[in-house]
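To start, the structure under review is shown below, and the notes come after it.
The values are calculated or read from the model by the stated rules, or taken from the named source; none is laboratory data. Since we're looking at a predicted model, the values are computed, not measured. Methodologically, a virtual Cβ is constructed for each residue, glycine included, from the backbone with ideal geometry; neighbour enumeration extends over all protein chains shown. Surface areas here come from the heavy atoms of the whole protein model, side chains and all, with no ligands, DNA or RNA. Shrake-Rupley method; radii C 1.70, N 1.55, O 1.52, S 1.80 Å.
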Amino acid sequence: MNESIITVENLVKRYKDLIALDHFNLEVKEGEIFGLLGPNGSGKSTTINCILGLLKYDKGDIQVFGQKMKPDSYDLKANIGVIMQNVAVFKELTVYENVDYFCGLYIKDKALRKQYVNEAIDFVSLNDFRKFYPKKLSGGLLRRLNIACGIAHKPSLIFMDEPTVAVDPQSRNSILEGIQRLNKEGATIVYTSHYMEEVEQICTKIAIMDKGKNLAIGTADQLKAMIQNTETVHIETLNLSKEVENKLSGLSHLYKQSYNDRILKLYFNGGDNNLLSTLKILEDNHVRFGRVYSELPTLNDVFLEITGTELRDKEA
Amino acid sequence: MFLHLFKYRFLSFVREKSMIFWILVFPIILGTCFYLAFGKINEKSENFTSIPVAVVMETKEDGTAFQDFMSNLKTKEDTPFFKVTYTTRKKGEKLLKDKKVDGLILYKDGTPHLTITESGYNATIIKTVLERYIQSAEVVISAYKKNPAKVPGILETLSEGVEIKENKLTSGNPDNILEYFYALIAMASLFSSLTGRTLAWQAKANKSAVGMRKTCGATHRLTVLLADFCASLFVHAISSALLVTYLLFVLKINLGVSFLATLAISLSGAVIGLCVGLIIGSIPGLSEGTQIGLNVGFTLFSSFLSGLMMGDMKRFIEASCPLINHINPATLISNALYSLNIYDNYDRFLINIFTMLGLSVFLIITSYFMTRRETYDSL
Ligand SMILES: Nc1ncnc2c1ncn2[C@@H]1O[C@H](COP(=O)(O)OP(=O)(O)OP(=O)(O)O)[C@@H](O)[C@H]1O
Ligand SMILES: [Mg+2]
């Protein structure tokens, strides 16, 4: 099978009293787009910075390409591309100059570098902005420049720490497609985000983390299969009486229900006609309702079942 | 590789406007202010104008010898030393009080007595000339009595004495005002600490995102640091050259030191400044704003101690706490310029340069150990 490119075993990282990573384990194999999914403060950036050798850690073992990462592991670093959570560019250099500068930390050959830089700028569609200084770029364009600076040297392992924050949906899609393209061309990618839709869309493997722990690992489908939820029914309705709520709780396969802010949510762990049977009860009791929809399990449901809190609630 | 890194760092430094302000624009403005404030004194020493004096003759003897002496005394350029007004004692005192004249000479019983209100360049000249006159009065008077035509020759030797006195200490420019300009050059080169600080900040993963990205790069850390360092030194070479050109050739200030020597000393100062900046930039726990404040504060204070605001500062410190003069970077820089200007041998200059060199080595090592870390407890 595919070789493992990163292994993290029992990683513990403390910031003074705060335990940011608590016996964290991880294995990333060649060719994967590995998603680290977790709410703010769950330890995603800390994990990446430990792997990159930027952070000291208290305990555990990390191997990249089968070796321990040290400050002077320049051979290892040559194969790694990094897109940090914070935009890392020189504000006095133009788009082209920035990409060229950082690419120059890896690629010595001038002609080759020129080609790579142009390809990277193409990749993030910043061709019209080559001569722009970063402060003239919008937030989204700046993020794209940040990405170009990290991948221009065509690394075989790329870390992306929330690269799509503040990027509009259109550019986000083009970035996500780009990431998949990089992956097809052979790059292994470690991708962190708290947007589960994104992670679900591109990641071939996902680790769900919270409070410095790795809660579950698998493909999106595997993760969803781990939980009992098969369907969630959402119904918008005013003034639902306790009596009707009680009647609803008798539905078969229903394992949980909630009624908040005019939204009734019914959680099922099986069954085929859950929506129809629900609507029948409401009609029989003359309950008026608005929007109705049924949802297959999402990664949020996975997160909810494992941790008891919603991933969404914590989004910025 | 090195050139590539060098080129972009150079570009990024010269495009940083606030930095250019501190290392070039501010020194030029301050230099222009100094020039305007001290301009007159500067002109006087270059281009002598006759000194106005009031003379009161209260003598029963014949005073024509003295009067001739006063009006015939001339500089080499044939400018009379004095513009003499003969008057009464009362009017003379008023002239002095109103600063219409720089000295009041009362000629009584064959001897001139001088009254001045302030000490200064002109007062010194009057005093010196009169002292000479008194010393040689007998010679002059008897010569005058024998043959008045010979007197101009004697006067020439007398006035030569005065001129020699002004210049005999040095072949350089002894004007005290220069201390201000030396301190100014020192300040400009020490502002390199700002570039040094930026450099450290942008090299460290725990300080900046750029630092993180650079730390992840596949180029040896020392190569990157060295390229950064050389690029900022190059920026300072250019800005020093511009500043010195401005002082020497636009304001036409006689620094007493050649262009290249001034540039070399200024660059050695910039090395010290860069290292200090690297160290400031590596102090943990300080925000960027605090660091910049510390940086500007260090530069201004160091230059203040070297005489940027008061030309006498160094002498004052020499009397109270001489150690400061031996380690304060700005003082070392300005003293290096001073000693090149004033002393005809290189002893003092060499001592200065070697102290600077020693200080640089110490600072380079310190800053290297402070910036070289790559793995942090917290980012
Ligand atoms: N330098 C630091 N000093 C102290 N605590 C820190 C530091 N950096 C991070 N933390 C804490 O460690 C925990 C993990 O932080 P981390 O930045 O890894 O989270 P994250 O998953 O990347 O979050 P986000 O989605 O907001 O980027 C958080 O509780 C955070 O407050
Ligand atoms: Mg993060």
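Along its first, second and third principal axes, ordered by size, the stretch A:123-187 spans 33, 24, 20 Å in Cα coordinates.
Divided by 2.2 N^0.38 Å, where N counts the residues, the Cα radius of gyration of the stretch A:4-225 comes to 1.00. Couplings 3J(HN,Hα) for the stretch B:239-256, derived from phi with the Karplus relation 6.51 cos²θ - 1.76 cosθ + 1.60 (θ = phi - 60°), are 5, 5, 4, 5, 4, 5, 4, 4, 5, 6, 10, 9, 7, 6, 8, 7, 6, x Hz, where x marks Gly and Pro.
Any idea of the total accessible area buried by the A-B contact, 1.4 Å probe, rounded to 100 Å²? Could you put the intermediate results ahead of the total?
Working: alone 16310 and 19710 Å², together 32870 Å².
Roughly 3200 Å² of accessible surface disappears when A and B pair.
Each residue of the stretch B:82-91 was assigned a 3J(HN,Hα) from its phi angle through the Karplus curve 6.51 cos²θ - 1.76 cosθ + 1.60 (θ = phi - 60°); the sequence is 10, 10, 8, 10, 8, 7, 8, 4, 4, 5 Hz, with glycine and proline shown as x. For the protein assembly as shown, the fraction of 1.4 Å probe accessible surface lying on carbon and sulfur atoms is 56 percent. The aspartates and glutamates whose alpha-carbon is closer than 15 Å to the alpha-carbon of B:LYS60, local same-chain residues fewer than 8 away aside, are B:ASP109. Working note: Karplus 6.51/-1.76/1.60 with θ = phi - 60° gives the stretch A:287-296 the couplings 8, 8, 9, x, 5, 9, 7, 10, 10, 6 Hz, where Gly and Pro are set to x.
Give me a single rounded figure for B:204-216: the average over its residues of other chain Cβ atoms within 10 Å of their Cβ. Intermediate results must be reported in sequence, preceding the final value.
On the way: counts 0, 8, 2, 0, 2, 7, 11, 2, 8, 14, 4, 6, 16.
The mean count of partner-chain Cβ atoms within 10 Å per residue comes to 6.
Pairs from the list A:LYS29/A:LYS211; A:LYS77/A:LYS108; A:LYS108/A:LYS154 with a Cα-Cα gap above 19 Å: A:LYS29/A:LYS211. Under a 5 Å amide H cut-off, with hydrogens placed 1.01 Å from N, A:LEU215 pairs with A:ILE208, A:MET209, A:ASP210 among residues at least 5 apart or on other chains. For the pair the stretch A:76-131 and the stretch B:309-353, the centres of their Cα atoms are 48 angstrom apart.
Amide H contacts of A:ALA20: A:LYS13, A:ARG14, A:TYR15, each under 5 Å away and 5 or more positions distant or on a separate chain (H built 1.01 Å from N in the peptide plane; Pro and chain starts excluded).
Percent antiparallel among DSSP beta bridges with both residues in the protein assembly as shown, to the nearest 5? It would help to have the intermediate numbers written out before the result.
On the way: 42 of 72 bridges.
Bridges in the protein assembly as shown that DSSP calls antiparallel: roughly 60 percent.
Of all aspartates and glutamates in the structure, the ones whose alpha carbon falls short of 14 Å from that of A:LYS59, not counting any fewer than 8 places away in one chain, are A:GLU9, A:ASP22, B:ASP377.
Cross-linked pairs A:LYS70/A:LYS205; A:LYS68/A:LYS213; A:LYS135/B:LYS17; A:LYS13/B:LYS207: Cα-Cα separations exceed 24 Å for A:LYS70/A:LYS205. Solvent-accessible surface, computed for protein heavy atoms with a probe of 1.4 Å, shrinks by 20 Å² or more for the following residues of the stretch B:1-24 when the other protein chains are added to the isolated chain: B:MET1, B:HIS4, B:LEU5, B:TYR8, B:ARG9, B:SER12, B:ARG15, B:GLU16. Ligands, DNA and RNA excluded, the heavy atoms of A:GLU30 present near 90 Å² of accessible surface to a 1.4 Å solvent probe. Shown for the protein assembly as shown is the translational diffusion coefficient from the Stokes-Einstein equation, using the Kirkwood radius over Cα pairs, a temperature of 4 °C and a viscosity of 1.567 mPa s: 41 µm²/s.
Legend: residues in the stretch A:41-71 shielded by at least 30 square angstrom of accessible surface upon adding the remaining protein chains to the isolated chain (1.4 Å probe, heavy atoms) are A:LEU54, A:LEU55, A:LYS56, A:PRO71.
Which angle between 0 and 90 degrees, to the nearest 10, do you get for helix B:2-14 versus the longest principal axis of chain B when only C-alpha atoms count? Its long axis makes an angle of about 60 degrees. Given in Å, the Rg to one decimal and the Dmax to the nearest whole number for the Cα atoms of chain B are 28.3, 97.
Put simply, the Cα atoms of the stretch A:58-98 extend 39, 23, 14 Å along their principal axes, the longest span coming first. A 1.4 Å probe run over the protein assembly as shown, with the rest of the protein chains in place, finds 47 Å² accessible per residue.
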